[in-house]
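The structure appears below as structure tokens.
The values are calculated or read from the model by the stated rules, or taken from the named source; none is laboratory data. As the structure is a prediction and not an experimental result, all values here were calculated from the model. Positions of Cβ are backbone-derived with ideal geometry, glycine not excepted, and every protein chain shown enters the neighbour counts. Only protein heavy atoms, including side chains, enter the accessible area calculation; ligands, DNA and RNA are left aside. Shrake-Rupley method; radii C 1.70, N 1.55, O 1.52, S 1.80 Å.
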Amino acid sequence: MRIPALALVSLTALAPLPAMAGVTEAIREHILPAVEDFSVAAEDLAETAADDCTAEALRPAYRQAFDAWMGLSHLSFGPLETDGRALAIEFWPDPRGMVARTVAGMGADADPVVDDPEAFPEVSVAGRGLMALERLLYDDTLSGYGAGDYNCRYATAISADLSRMAGEILADWREHAELMRTAGAEGNARYMSESEASQVLYTALLTTVEFDADQRLGRPMGSFHRPRPTRAEAWRSGRPLRNVTLSLKALRDLALTMSDDPIPVTEAAFDRALATAGALDDPLLARVETPQGRLKVEILQQQIRAVGDATRAEIGGGLGLSAGFNSRDGD
């Protein structure tokens, strides 16, 4: 069960916080545009699947939807927590291989739930979302299906389900945004003080910086003697490094809205990490299997951790905040 991030955040302010520091800007300039982009991309994916659900036809729309998700996935509180949506959209990390087993089981049983849009949301989160769809579109043993085959209908069901969730997230965020804007107001039971809205954004920012270093890079790195490149996020669709880059860009964008004062150290840390990622000619992070390739990824990992250090000092310190728990914790 996912624990509401707000219920677990901790606040260590020693002085009054700037009222709603960065919250209105984050909502207007970062959050709502990201939510809208994902809704549009997911709708396009669903419409594409309805017209032609074959793997070759769906892959471009899939890539666009995953790109848009990377602009949103760090906001893992509020509407993304509702009904476990974040996990239903992307079930990763998946250390037990549940996506592979669930997708294979759906196909082996020819489960008719794929033809029932109202029942499909009851399917396990491991059998829905971007990671299950990646299996259908990019796994050589599954992606050769024809237009009338079960896997084509399954891909259509996943795409429609993603579009449904994206639309619900958009509607919910329009309401949740008002709760954040009115934090501390009488009757606001979700954000009972002005500082809590800033706190939840800061926690999302810092937790995802750590997730990029520890999971998106750390999982494929494995150990020096046992690297695990096929544990990278979305490696079948060629996305491991792209997802790191898009995540860093989204986090940088959020960070810039969170402080009324300049944050030159944090900006410089983000820019260094993005430059290193841009120069890393290893889209699958597969070269972690070689000493030279591993060293390059380690450097990027260290630079991302430096982003976290700068964020704590410059944004957290400036606002009197410390990171609490987040729904990603424990992955």
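Within region 131-140, the residues that satisfy the criterion of being under 22 Å from Leu87 (Cα atoms) and open to solvent by 30 Å² or more (accessible area, probe 1.4 Å) are Arg135, Tyr138.
Please count how many residues of region 51-67 are open to solvent by 10 Å² or more (accessible area, probe 1.4 Å) and either of a type in the set (Asp, Glu) or over 25 Å from Gly218 (Cβ atoms) (or both). Qualifying residue count for the region: 10. Scanning region 202-216 for any residue that is basic (Lys, Arg) and surrounded by fewer than 23 Cβ atoms within 10 Å (Cβ to Cβ) turns up nothing. Any residue that is under 21 Å from Ala313 (Cα atoms) and either part of a loop (DSSP other than H, G, I, E, B) or modelled with pLDDT of 95 or more (or both) - is there at least one of those in region 214-221? So far as region 214-221 goes, yes, one or more of its residues are under 21 Å from Ala313 (Cα atoms) and either part of a loop (DSSP other than H, G, I, E, B) or modelled with pLDDT of 95 or more (or both). Cβ separations smaller than 7 Å between residues 6+ apart or across chains give the following pairs from region 278-298 residues that are touching a residue at least 40 places away in the same chain (Cβ under 8 Å) to residues that are part of a helix (DSSP H, G or I) and among the basic types (Lys, Arg): Pro283/Arg242; Val288/Arg294. When we screen Ser143, Ser76 for residues that are open to solvent by 10 Å² or more (accessible area, probe 1.4 Å), of a type in the set (Ser, Thr, Tyr) and touching a helix residue (DSSP H, G or I) at 6+ places or on another chain (Cβ under 6 Å), the only hit is Ser143. Residue count for region 131-154 under the criterion of being in a loop (DSSP other than H, G, I, E, B) and under 19 Å from Trp69 (Cα atoms): the result is 0. Scanning region 286-295 turns up at least one residue that is of a type outside the set (A, V, I, L, M), in contact with an Asp or Glu (Cβ under 7 Å, 6 or more places away or on another chain) and at negative phi.
Conditions tested, residue by residue: (1) acidic (Asp, Glu); (2) more than 17 Å from the chain's Cα centre (by Cα).
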position	(1), (2)
Asp67	yes, no
Pro93	no, no
Met131	no, no
Arg135	no, yes
Thr141	no, yes
Gly144	no, yes
Ile158	no, yes
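Residues that are in contact with a helix residue (DSSP H, G or I) (Cβ under 9 Å, 6 or more places away or on another chain), open to solvent by 70 Å² or more (accessible area, probe 1.4 Å), part of a loop (DSSP other than H, G, I, E, B) and under 18 Å from Arg164 (Cβ atoms) within region 90-130 comprise just one, Pro117. Checking each residue of region 313-329 against the condition of being modelled with pLDDT of 95 or more, crowded, with 17+ Cβ neighbours inside 10 Å and under 18 Å from the mean Cα position of the chain (by Cα) gives no match. Inside region 252-283, can you point out the residues that are closer than 20 Å to Ala65 by Cβ and open to solvent by less than 70 Å² (accessible area, probe 1.4 Å)? Once the filter is applied, which keeps residues that are closer than 20 Å to Ala65 by Cβ and open to solvent by less than 70 Å² (accessible area, probe 1.4 Å), region 252-283 yields only Asp253.
Check region 50-65 and report whether any residue there is modelled with pLDDT of 95 or more, over 24 Å from Ala147 (Cβ atoms), in a helix (DSSP H, G or I) and touching an Asp or Glu at 6+ places or on another chain (Cβ under 9 Å). No, region 50-65 contains no residue that is modelled with pLDDT of 95 or more, over 24 Å from Ala147 (Cβ atoms), in a helix (DSSP H, G or I) and touching an Asp or Glu at 6+ places or on another chain (Cβ under 9 Å). When the residues of region 146-167 are filtered to those that are touching a helix residue (DSSP H, G or I) at 6+ places or on another chain (Cβ under 6 Å) and of a type in the set (A, V, I, L, M), the one that is most open to solvent (accessible area, probe 1.4 Å) is Ala160.
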